[in-house]
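These notes concern the structure reproduced below.
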Amino acid sequence: MWVDLLITLVKILFVFAVTVGFFAPVLTWVERKQSALMQDRIGANRADIMGFTALGLFHIIADALKMFTKEDFIPDGANRVLHTISPIIALVPALLTFAVVPFGGQYTLFDKEVNLVISDLDVGLLFVFAIASLATYGYVIAGWSSNNNWSLLGSMRTASQMISYEVTMGLTIIGVLMVYGSMKLTDIGAIQENFWMWGIFLQPVGFFMFLTASIAENKRIPFDAPEAESELVAGYFTEYSGLKFGMFFMAEFIEMVTIGAIMTILFLGAWHIPFLSSATLLSWFDFLGTTGSNLVLMLIHVGVFFAKVCFFIWLQMIIRWTLPRFRYDQIMKLGWKILLPLSLANILVTGLVILALN
Amino acid sequence: MAYYVNRNLKMTWWERSYIPEILKGMWLTSRRFFYNLFGFIPFFLGTEKDRRIMTVYYPEEQVEYPVAYRGRPVLAQNEDGQPACVACGLCEIACPAYCIHIEPGHNTGKQNQYERWPDVFNIDYAICIFCGNCEEACPEEAIFMSDDCEISMLDRKQMLYTKEQLLTPVADLQKRIEFTRNMYAKWNY
């Protein structure tokens, strides 16, 4: 009992350390540096301690200091309660989805089955989408409560964009569910030990549609109409400053990690290495004993999982710094006229193929 | 005559499906990314002298400006420490912004190499427009545009440079002197 609680606590701490402690701050640096490299620039390197810049990594500290020390401003006529609470509503779902995301398989450590997921829900996939769509409220309330035309326009765009792309996202997932026959994310991950069962081979169209829809959900360029700098000053978070603004920013970066994790589990073979089953790896490290070999396997799997997540983050950044912004009507056209029929057709074809194979 | 903008571009089916064109764009940007990423590594290890990125890391790294660049005007100082200027006042007249102030001093009795020299020679860089007319007007090759452009100050009064601050050894100005000789020889002054 106590051991189970301890294990769960350790897993929660690990997830927090990885997302809030590592990915959220480091991605701010990665975004600057990667865009610099793509555009033949040098990138962030001005913040230094005693003349030592560490490739610009001190910008993270400088950013954090800046956000902590800025004035926490609430504009005239804004609803104080909603204005304060909305960044929290935006940030919490991004973190909460990690409760069901498995970052490794099952391992026997000290005669105890350890499952590397905080809560192994039977409806894990549904939970992810239920929680992720809650974030819409945060963004809508943020724009609505801050008594600013730009903010309101931004939040209206957020609402319509997120709702239209959630439809595609949900329908794309149905194809994956039909193939794997389970909503448990750990099951979906475990099935993909066979390289040819990876979601990207079974659902190639679904992969692209899910990627598109999830970038649209995260409101990054090419789908950044809700926070378009050149049209609406900063969209729904125009009136935010200090740490509240930082929370919106953190939510965006953590959502990138979430998208990467879910794409990895659904389409890119979760924590598995191609053509290397867990049993083979275990037999390689047999000389370390049951616990030792399992521990090594666990470290390898977690490393592989986060390497794949990093690949997806890199892909999202490449897309963000390559493509120009869609016009608002183009976003709606892509969502309702192209992606929605395509996802329905995807379900039909998947169903027909499954029927034919049986 | 109406100007026509054809907004209905004829795109092929391949282009209209967007995905291949997007992948093409991403291929280009990610190629630059990896090229620059691996271009950084030998530079930081010290095996290669230059980065492959063209951007200059400004205050630490500086490029050499071309000879034709007009930075702040300076006074040429001969090898014996005297200014080459004879205080004729032509640059003062040529200056469209009136930023030069000269008070001449001249030889009284004792014969030596110099007949005339400026007692006071002030240039106010807060007023100077860096046109180069003073250099063109000077008959004695005494005032030149240097390549120094870092003259920002916190106090406007500091931007008034006196003779001692303006004097620069001729040896440092050799390139610019040759350039001006070629340049202004065209009009046979």
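The values are calculated or read from the model by the stated rules, or taken from the named source; none is laboratory data. It should be emphasised that the depicted structure is a prediction, and the values quoted were computed from it without experimental measurement. Heads up, the Cβs are rebuilt from the backbone with ideal geometry, glycines too, and the neighbour counts pull from every protein chain shown. SASA here: full protein model, heavy atoms, side chains in, ligands and nucleic acids out. Shrake-Rupley method; radii C 1.70, N 1.55, O 1.52, S 1.80 Å.
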Original post:
Within segment A:157-190, which residues are crowded, with 18+ Cβ neighbours inside 10 Å and without any contact (Cβ under 8 Å) to a residue 24 or more places away in the chain?
Top reply: A:Ala159, A:Tyr180
**OP:** Output yes when any residue across segment A:324-333 is at pLDDT below 80 and away from chain B (no Cβ under 14 Å), and no when none is.
**Re:** no
Original post:
What number of residues in segment B:95-145 are open to solvent by less than 60 Å² (accessible area, probe 1.4 Å) and touching a His at 6+ places or on another chain (Cβ under 6 Å)?
Top reply: 1
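Counting residues that are over 17 Å from B:Tyr18 (Cα atoms), which helices (runs of 4 or more DSSP H) fully inside segment A:289-358 reach at least 2?
On the way: elements: A:289-322, A:328-333, A:340-357.
Filter on segment A:289-358 gives A:289-322, A:340-357.
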**OP:** Just name the residue that is modelled with the highest pLDDT out of those in segment B:60-82 that are among the β-branched types (Val, Ile, Thr) and surrounded by 14 or more Cβ atoms within 10 Å (Cβ to Cβ).
**Re:** B:Val74
**OP:** Sort out for me the helices (runs of 4 or more DSSP H) sitting completely within segment A:157-264 that have 3 or more residues that are touching a Phe, Trp or Tyr at 6+ places or on another chain (Cβ under 8 Å) and under 25 Å from A:Leu352 (Cα atoms).
**Re:** A:185-191, A:204-218
Subject >> Sole exception among (1) surrounded by fewer than 19 Cβ atoms within 10 Å (Cβ to Cβ); (2) out of contact with any Asp or Glu (no Cβ under 7 Å at 6 or more places or on another chain) for A:Pro75, by number >> reply: (2)
Original post:
Since A:Ile318 meets every condition but one in (1) under 27 Å from A:Thr28 (Cα atoms); (2) touching a helix residue (DSSP H, G or I) at 6+ places or on another chain (Cβ under 9 Å); (3) more than 14 Å from every other protein chain (Cβ to nearest Cβ), which condition does it not meet?
Top reply: (3)
